[in-house]
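K.L.:
First, the structure itself, so that you have it in front of you.
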Amino acid sequence: MTLRLARRADIPAMHRVRLAVRENRLSDPARITEADYVAAMEGLGRSWVVEVDGEVVAFAAGYAAGSVWALFVDPSHEGRGHGRALHTAMIDWLWSQGHARLWLTTSPGTRAERFYRELGWQPCGTVSGGELRLELAAP
């Protein structure tokens, strides 16, 4: 496994991973564009990928403003620690931006919610559309 910063050339593979997930599926795959990925890795924040045998199997993106934009693992690579490794890299970078608190939203009652809660994220209510807002306080 290799964890590294994402590059523009990774975008097709990142999108493939995003579309492969079983939960939090996009109702419209065209809703997330190449420009969204570029912004997440170059303009608004940073993005990371996990490669196995040269193939991108997971990715994460955090916004410098203090939020998690994405963390997805290809279903055929779940349970191998890729999500946790990405989470650690992303959260360490977000803390380095000087935040006292980070936030994200996810669908309630999902494996994603359980994953984040196991890592210390706390529920703080719901947002429009019914997603759960989670926050993580600085250590």
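The values are calculated or read from the model by the stated rules, or taken from the named source; none is laboratory data. Fair warning: this is a prediction, and the values are worked out from it, not measured in the lab. Cβ sites come from the backbone with ideal geometry, for glycine too, and all protein chains shown count toward neighbours. Just the protein is used for accessible areas: all its heavy atoms, side chains included, with ligands, DNA and RNA removed. Shrake-Rupley method; radii C 1.70, N 1.55, O 1.52, S 1.80 Å.
K.L.:
Give me a count of the residues in region 1-28 that are open to solvent by less than 60 Å² (accessible area, probe 1.4 Å) and without any contact (Cβ under 8 Å) to a residue 12 or more places away in the chain.
P.N.:
Qualifying residue count for the region: 1.
K.L.:
Follow-up. Just one of the numbered conditions (1) farther than 21 Å from A9 by Cα; (2) modelled with pLDDT of 95 or more is not true of E131; which one?
P.N.:
Among (1) farther than 21 Å from A9 by Cα; (2) modelled with pLDDT of 95 or more, the lone unmet condition for E131 is (2).
K.L.:
Any chance you could count how many residues in region 73-120 are assigned to a loop (DSSP other than H, G, I, E, B) and under 25 Å from L19 (Cβ atoms)?
P.N.:
Within region 73-120, residues that are assigned to a loop (DSSP other than H, G, I, E, B) and under 25 Å from L19 (Cβ atoms) number 10.
K.L.:
Let me ask another. Going through A35, A39 one at a time, which residue ends up being assigned to a helix (DSSP H, G or I), open to solvent by 40 Å² or more (accessible area, probe 1.4 Å) and over 26 Å from P139 (Cα atoms)? Don't jump to the end; show me each part of the working.
P.N.:
Working: A39 fails: open to solvent by 40 Å² or more (accessible area, probe 1.4 Å).
Going through A35, A39 in turn, just one is assigned to a helix (DSSP H, G or I), open to solvent by 40 Å² or more (accessible area, probe 1.4 Å) and over 26 Å from P139 (Cα atoms): A35.
K.L.:
OK, next. Would you mind telling me which numbered condition in (1) outside any helix (DSSP H, G or I); (2) of a type in the set (D, E, K, R); (3) touching a strand residue (DSSP E or B) at 6+ places or on another chain (Cβ under 9 Å) R25 fails?
P.N.:
(3)
K.L.:
Which members of region 17-41 meet the condition of being under 15 Å from the mean Cα position of the chain (by Cα), farther than 19 Å from R80 by Cα and among the charged types (D, E, K, R)?
P.N.:
Correct list: R25, D36.
K.L.:
Which residue, of W103, W69, is among the aromatic types (F, W, Y) and either in contact (Cβ under 8 Å) with a residue 60 or more places away in the chain or in contact with an Asp or Glu (Cβ under 6 Å, 6 or more places away or on another chain) (or both)?
P.N.:
The match here is W103.
K.L.:
Regarding region 54-62, can at least one residue be identified that is in contact (Cβ under 8 Å) with a residue 12 or more places away in the chain, assigned to a helix (DSSP H, G or I) and more than 22 Å from H99 (Cβ to Cβ)?
P.N.:
First, pick out the residues of region 54-62 that are in contact (Cβ under 8 Å) with a residue 12 or more places away in the chain: 55-62.
Among the residues that remain, those that are also assigned to a helix (DSSP H, G or I) are: none.
Looking through region 54-62, none of the residues is in contact (Cβ under 8 Å) with a residue 12 or more places away in the chain, assigned to a helix (DSSP H, G or I) and more than 22 Å from H99 (Cβ to Cβ).
K.L.:
Looking only at region 88-105, how many residues end up being open to solvent by less than 70 Å² (accessible area, probe 1.4 Å) and closer than 20 Å to I32 by Cβ?
P.N.:
3
K.L.:
Quick one: would you say P108 is over 18 Å from A138 (Cα atoms) and open to solvent by 30 Å² or more (accessible area, probe 1.4 Å)? Before you say what the answer is, go through the steps one by one.
P.N.:
Numbers: over 18 Å from A138 (Cα atoms): yes; open to solvent by 30 Å² or more (accessible area, probe 1.4 Å): yes.
It is true that P108 is over 18 Å from A138 (Cα atoms) and open to solvent by 30 Å² or more (accessible area, probe 1.4 Å).
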